[in-house]
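Here's the structure we're looking at; comments come further down.
The values are calculated or read from the model by the stated rules, or taken from the named source; none is laboratory data. Note that the structure is predicted; figures quoted are calculated from it, not measured. Here the Cβ positions follow ideal geometry from the backbone for every residue, glycine too, while neighbour counts run over all protein chains shown.
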Amino acid sequence: MSGAMIEIKDVNKVFKNTSGSETVALEHVSLDVGEGEFLSLLGPSGCGKTTLLRILADLLAPTSGRVTIKDKTPKDVRLLREFGIVFQNPVLFDWRTVRKNICLPLEIMKKSKQEQKVRADKMLELVGLEEYADYYPAQLSGGMQQRVGIARALAIQPQLLLMDEPFSALDEFTREKLNEDLLRIWRNTNKTVIFVTHNISESVFLSDRVCVLSPHPGRLSAIIDVDLPRPRRADMRGTPEFAALVAKIRNSFEGDLA
Amino acid sequence: MKKKAGPAWWRKAIVPAVWVAAFVLIWELAAFVLTQLLPPTLAIQKLPFLHNIAVTFVSNFFSLLESGWVTLSKSFVGFGIGAAVGFLLAVLMSWSKVMEKLAFPYLIISQMIPILGLAPIVYNIVRDGDVSRILISAYITFFPIAANTLSGLKSSGQDERDLMFAYAAKKPTVYRKLLLPSALPHLFTGLKIAAPMSVTAAIVVELLGTSSGIGVKILYTLYYGANGALMFWSSILMAALLGITSYYIVFWAERLCIPWAVAARKKAG
Ligand SMILES: Nc1ncnc2c1ncn2[C@@H]1O[C@H](COP(=O)(O)OP(=O)(O)O)[C@@H](O)[C@H]1O
Ligand SMILES: [Mg+2]
């Protein structure tokens, strides 16, 4: 036992395309993630971020290599429902109200009505949507929809939260607001978060560590510690330390792409 | 902003109003040409004046309604059975690939048999007007329901299915919570297509000579001379109203059952 919550050892993923050609989406990716850590996977589109996240979620199997989460396989973790997942699209069910959407995983787990209500109330409060409990997704803004997605992922009280570019479809203002909200939620709930993004400053603002992935083939090209103090505040985005980290990450790309 | 003329209901009503007015005008004109200007041999049987039809329709309304109700109630039973069969078939076909491969050819073949041929065959076999009406209505109903429901069951996105998978939902749960709800709007599309068709199917059987129904009225009034023509057209009008009624029953049921989908469709324009 190394003390890491997630161990990714020499993971490779090769997609066979219909034309017979192969795409190497991930090559020799190794990474440990600590309990309670906020970790970003950062990189341009097509570098394998989603692929890696989907392997963690047992939505894909690696071609080779090994992944363990608390010494279990991703499949076991999925069957035990120990992670929550948030996609780029909110993926809400149109026919369910906000409250019922949040309850979906609880219903699947056959929790009692009473428990569903208690949890849903708590989640609604956590994401600040108490007043919208009985709205339908179509009646909400994009930012609110994504909050519902987060609330649903957290409703099952998972140890691990997997997020695939959850804010990339939102405007800059909403995104920054949700960044702060996410950090507040993270602080209050103590999850391990794997956060996929292609936005450098978002990854710096949120993370303990930023893993930089580079494309063709997808490789882990740098891991950068973000030593900004917590709690992070919006005005930290303007500090020289923040700018230095952004520059450092950007350089790690340029060195790599050259 | 440009100010539009008149209240909202007026703006909404004007298009159908013009439509109805033009329709009446053309009909009356055609009837005038046929009855007044051309040689008078049986002209009235070809196309009587619309206002005469209207009078006949109103004065015979209850007897027409009675026949109509017989037709509608039989076609409803057939429609219900056909919809249930179509729905179950779609669920089975989406549940298992084998089932889909097995059923699909039959589904296609079933659509190649014209109802005009099938109706007399069925009627000759069962020798019962009610049963034939129900069978033929069910037969015409099941296919649009099966086809639409099947495409509805396949309509949910990869993300939605991944979400259910990530929460380790079992197959029946995936059906109950995701696939069936997302198939409902498609199911209703099928129901809306099939409802008037099921009425037509019942009428087709009645034209073969059952003992009651609006189709029987249509059939017999064809041979009743000058007055028959008015009754003939009144019966046709009743038959059309039955089809429209059946459509609107489903239309309103849809609004009641899946308001979220109706609202989303409106939003999308
Ligand atoms: N199901 C798939 N079949 C074939 N190729 C795929 C599939 N999924 C992803 N890829 C390829 O793998 C690479 C990485 O994709 P992805 O993980 O989605 O990147 P990212 O999320 O960083 O944008 C891309 O080149 C993509 O085209
Ligand atoms: Mg991606």
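Here are the numbers for the structure shown:
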| read-out | value |
| --- | --- |
| Members of segment B:141-182 found to be small (Gly, Ala, Ser), buried (at least 20 other Cβ atoms within 10 Å of the Cβ) and either under 22 Å from A:Pro105 (Cα atoms) or over 25 Å from the mean Cα position of the chain (by Cα) (or both), listed by number | B:Ala166, B:Ala169, B:Ser182 |
| Extreme residue, modelled with the lowest pLDDT, among residues of segment A:246-256 that are under 12 Å from A:Ala222 (Cβ atoms) and surrounded by 11 or more Cβ atoms within 10 Å (Cβ to Cβ) | A:Asp256 |
| Single unsatisfied condition, A:Thr18 versus (1) more than 16 Å from ligand 2 (Cβ to nearest atom); (2) among the hydroxyl-bearing types (Ser, Thr, Tyr); (3) under 22 Å from A:Ile249 (Cα atoms) | (3) |
| Residue within segment A:135-147 that is over 19 Å from the mean Cα position of the chain (by Cα), surrounded by 14 or more Cβ atoms within 10 Å (Cβ to Cβ) and farther than 21 Å from A:Ala169 by Cα present | yes |
| Residues of segment A:52-73 satisfying the condition of being assigned to a loop (DSSP other than H, G, I, E, B) and either of a type outside the set (Ser, Thr, Tyr) or crowded, with 21+ Cβ neighbours inside 10 Å (or both) | A:Ala57, A:Asp58, A:Leu59, A:Leu60, A:Ala61, A:Pro62, A:Lys70, A:Asp71 |
| Residue among B:Thr35, B:Thr71 that alone is of a type in the set (Ser, Thr, Tyr), out of contact with any Lys or Arg (no Cβ under 7 Å at 6 or more places or on another chain), surrounded by 13 or more Cβ atoms within 10 Å (Cβ to Cβ) and not assigned by TED's automatic domain parsing to the domain that holds B:His186 | B:Thr35 |
| Matching residues, segment A:186-220, being under 13 Å from the mean Cα position of the chain (by Cα), among the aliphatic types (A, V, I, L, M) and under 17 Å from A:Pro231 (Cβ atoms) | A:Val193, A:Leu206 |
| Residue, nearest to ligand 2 (Cβ to nearest atom), within segment A:74-99, restricted to residues that are part of a helix (DSSP H, G or I) and more than 8 Å from chain B (Cβ to nearest Cβ) | A:Pro74 |
| Residue match in segment A:62-73 (condition: farther than 24 Å from A:Ile200 by Cβ and within 16 Å of ligand 2 (Cβ to nearest atom)) | no |
| Test: A:Phe173 is within 15 Å of ligand 1 (Cβ to nearest atom) and either free of Cβ contacts under 8 Å to residues at least 40 places away in the same chain or within 14 Å of chain B (Cβ to nearest Cβ) (or both) | no |
| Qualifying helices (runs of 4 or more DSSP H) (wholly inside segment B:134-216; at least 2 residues being more than 13 Å from every other protein chain (Cβ to nearest Cβ)) | B:180-206 |
| Filter result for the condition that a residue is buried (at least 21 other Cβ atoms within 10 Å of the Cβ) and within 16 Å of ligand 1 (Cβ to nearest atom), over A:Phe87, A:Phe83 | A:Phe87 |
| Selection count where residues are assigned to a helix (DSSP H, G or I), within 14 Å of chain B (Cβ to nearest Cβ), touching an Asp or Glu at 6+ places or on another chain (Cβ under 9 Å) and in contact (Cβ under 8 Å) with a residue 24 or more places away in the chain, scope segment A:100-141 | 3 |
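To keep it simple, each residue is scored yes or no on (1) of a type in the set (Gly, Ala, Ser); (2) more than 16 Å from ligand 1 (Cβ to nearest atom); (3) modelled with pLDDT under 95.
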site	(1), (2), (3)
A:Glu7	no, yes, no
A:Gly20	yes, no, yes
A:Val33	no, yes, no
A:Leu53	no, no, no
A:Lys75	no, yes, no
A:Arg78	no, yes, no
A:Leu92	no, yes, no
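Residue by residue, here is whether (1) free of Cβ contacts under 8 Å to residues at least 60 places away in the same chain; (2) not hydroxyl-bearing (Ser, Thr, Tyr); (3) not in a strand (DSSP E or B) holds:
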site	(1), (2), (3)
A:Met5	no, yes, no
A:Ile8	yes, yes, no
A:Thr18	yes, no, yes
A:Val24	no, yes, no
A:Glu27	no, yes, no
A:Ser30	no, no, no
A:Leu39	no, yes, no
